[in-house]
Amino acid sequence: MALHDPLIGTLLDGRYRVEQRIAAGGMSTVYRGTDTRLDRVVALKVMHPSLAGDDGFTGRFIREAKAVARLAHPNVVNVFDQGADGGTVFLAMEYVPGRTLRDLLRDRGALSIRAALDILEPVLAALGAAHRAGLVHRDVKPENVLITDDGLVKVADFGLVRVLNTADGAATSTTATSTTATSTTATAGTVLGTVSYLAPEQIRPGAGTDQRVDVYAAGILLYEMLTGHRPHTGENPVQVMYRHLHEDVPAPSLAVPGVGPELDAIVAGACARDPKARPYDAVELLAALQRVRRTLTPARLDAEPPASTRPSPQYPTSEPTSVIRPAAGPAAPETERTSVLDVPPELMDQLLTEPRPYDEPAPVRTRRPGPLRRLPRTPLIWASVLAVLALLVGGTTYALSGALYGTVPSVLGKDRAEAQRILDGVGMHGRFTEVYSETVPAGQIISSDPGVGARARKSDAVAVSVSRGPKRIAVPDVTGKSAEQAAAALSGVQLARGGVTETYDDTVPEGSVISSSPAAGQRLPENTPVSLVVSKGMVPVPDVTGMSKDDAAKALQAAGFAMQSSGVNLFGTGKVSSQSPAAGERRPQHTVVTVSFPFL
């Protein structure tokens, strides 16, 4: 017999009318409601009353609102408001009509490659926006992926969000939380998260977590969409956590051969147990996924999975968010949840121990009473694990070198088009820059960074230098400029000023450049000196008074002037008595200077 929900029909904070229950978990219940002020449909996420008095969980609720408010992304569910009405703590969020990815997997089982990528790519876009904003979701799972009626994919429920200190890369929480759970990192035997999607570092006590836990969970999502089931299962949460710590995620092609090695590599790279071996963030994983997608034919993208991957009655229908606190006796939850698991120290030690036959573990304490099934004791499971690991060694290597990482090929001496074709062939792309070279012909590749043979992430561009040929600089026209202005003009185009020669010039003002050598327009190597000829202006007339006729003629001719005489200079013994123009006056060269002699 269904119990009436007391919140339905109430008005929260005098504004939000609660109308219909949508979903429920251990931490909160989601209702469809109406914002009576703006007259719009909203989703109301209401924290369970048992948690509303816990400052840690209330702080997490508020932190979610603030974190998502920082994101403006079409693939993130918007948070409009946060408030409290008496003992009811709630978020008002964007209402997304449609269904969750869990609903889709429950109905269809495995998806085609195209459908899986069409869902995962916007999920990674949303997570990438969060990662670049310094936020980590930490609870990525099918229940938190919403698909609208028109096919838009949105990521919801940033309830376990963590803010990274981007200055030093350390991860820190934005607010203090209660001692029951401070993060999804295991502390003192406490683990918080959805067990099937936990990265190994979320299980190890004291291990730090960053955006790569979302990358790990996204790899699990891809595996689940391609195969119709999760990679790690067990009779209880401890078995699943143990497999996260000690077993690699199987290649999805082992279950669905049509998946192929490219997507095996993506899954293996994203789900590497060592976080350093994973893509750095969702942006990098998205770039790798898109490169792989471009290599797949339409037939492979649209191939339907085999009938064996269709959902079975045992396939779980949901994984609601919940809190499992310590109880008086052992328990095994009926459905997997976002949980706080109190793992006794002796059992945590077993979890962290390398695979080997082991005795019955101590119980995990949870809310529901009931026996915890023991972990399998037979050594056959380890034989199976070793066999799977042996199969995956090549796949994991391929993931790091083939899908996410690669060896930079040699493109030296190639033209730009050929270099890009070579890089495309190994899944890389180039960032081309033209530079001058005295030795490499124009249009050919000079160098690459990283260099030939280096290991590089395929999401990072290879910096490729293309030769523009020898650098040649046209001599600027500096005629008419002062010597200082000419020197600055030459320096501005990376040429040097050479020697300066001064000469008289009838047309160019004194101190101005008459010409350069090499002449304007000639193309020279960088830093080549250019000599200047600078005008001294017009020539001063020399003083020839008191000279004989012959001496005066010689002096004027040497200065560039011509001479004519007036008066009578009998026998050539007279001396110049006057001249015109007068001595010291500046006149153009070849000016005629008239000299006078006394009448004898």
Restricting the range 137-153 to residues that are out of contact with any Pro (no Cβ under 6 Å at 6 or more places or on another chain) and assigned to a loop (DSSP other than H, G, I, E, B), the residue that is farthest from GLY219 (Cα to Cα): ASP150
Scope the range 135-169; condition small (Gly, Ala, Ser) and either out of contact with any strand residue (DSSP E or B) (no Cβ under 8 Å at 6 or more places or on another chain) or at pLDDT 85 or above (or both); matching residues: GLY151, ALA156, ALA167, GLY169
Answer from ALA496, ALA442 - the residue that is touching a Lys or Arg at 6+ places or on another chain (Cβ under 9 Å) and small (Gly, Ala, Ser): ALA442
Quick one: ALA199 ticks every box in (1) buried (at least 23 other Cβ atoms within 10 Å of the Cβ); (2) farther than 26 Å from ARG310 by Cβ; (3) free of Cβ contacts under 8 Å to residues at least 40 places away in the same chain except a single one, so which number is it? (3)
Can you tell me which residues in the range 77-87 are assigned to a strand (DSSP E or B) and touching a helix residue (DSSP H, G or I) at 6+ places or on another chain (Cβ under 7 Å)? VAL79, GLN82
Exception for LYS66 within (1) assigned to a helix (DSSP H, G or I); (2) of a type in the set (D, E, K, R); (3) at pLDDT 80 or above; (4) within 27 Å of ALA133 (Cβ to Cβ) falls at (3)
Yes/no for PRO311 being in the same structural domain as HIS131 (by TED's automatic domain parsing), outside any helix (DSSP H, G or I) and modelled with pLDDT under 90: yes
May I ask you to say which residue of LEU104, LEU91 is of a type outside the set (Ser, Thr, Tyr) and closer than 19 Å to GLN20 by Cα? LEU91
Only one of ALA110, ALA92, ALA116, ALA130 is on the phi < 0 side of the Ramachandran plot, surrounded by 22 or more Cβ atoms within 10 Å (Cβ to Cβ) and in a loop (DSSP other than H, G, I, E, B); which? ALA110
Which of the residues spanning the range 241-277 are assigned to a helix (DSSP H, G or I), modelled with pLDDT of 90 or more and buried (at least 22 other Cβ atoms within 10 Å of the Cβ)? HIS244, PRO252, VAL259, GLU262, LEU263, ASP264, ALA265, ILE266, VAL267, ALA268, GLY269, ALA270
Taking strands (runs of 3 or more DSSP E) that do not extend beyond the range 496-600, which have at least 2 residues that are surrounded by 14 or more Cβ atoms within 10 Å (Cβ to Cβ)? 496-503, 513-517, 529-535, 562-566, 578-580, 592-596
Can we say VAL238 is buried (at least 21 other Cβ atoms within 10 Å of the Cβ) and out of contact with any Gly (no Cβ under 6 Å at 6 or more places or on another chain)? yes
Those residues of the range 23-51 that are surrounded by fewer than 18 Cβ atoms within 10 Å (Cβ to Cβ), free of Cβ contacts under 8 Å to residues at least 60 places away in the same chain and small (Gly, Ala, Ser) come to a total of 1
I'd like the full set of residues that are modelled with pLDDT under 90, closer than 26 Å to LYS276 by Cα and not in a loop (DSSP other than H, G, I, E, B), limited to the range 431-459. SER448, ASP449, ARG455, ALA456, ARG457
Is it the case that the range 21-29 has a residue that's modelled with pLDDT under 90, over 30 Å from LEU226 (Cβ atoms) and in a strand (DSSP E or B)? yes
Selection status of ASP302, acidic (Asp, Glu) and surrounded by fewer than 23 Cβ atoms within 10 Å (Cβ to Cβ): yes
Only one of VAL493, VAL533, VAL508, VAL513 that is of a type in the set (A, V, I, L, M), farther than 30 Å from LYS414 by Cβ and modelled with pLDDT under 90: VAL508
If you check LEU117, LEU111, LEU104, which single one turns out to be assigned by TED's automatic domain parsing to the domain that holds LEU289, free of Cβ contacts under 8 Å to residues at least 60 places away in the same chain and under 30 Å from ARG293 (Cα atoms)? LEU104
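The values are calculated or read from the model by the stated rules, or taken from the named source; none is laboratory data. These numbers were taken from a predicted model, which means no experiment stands behind them. All Cβ positions, even for glycine, are placed from backbone atoms using ideal geometry, and neighbour counts span all protein chains on display.
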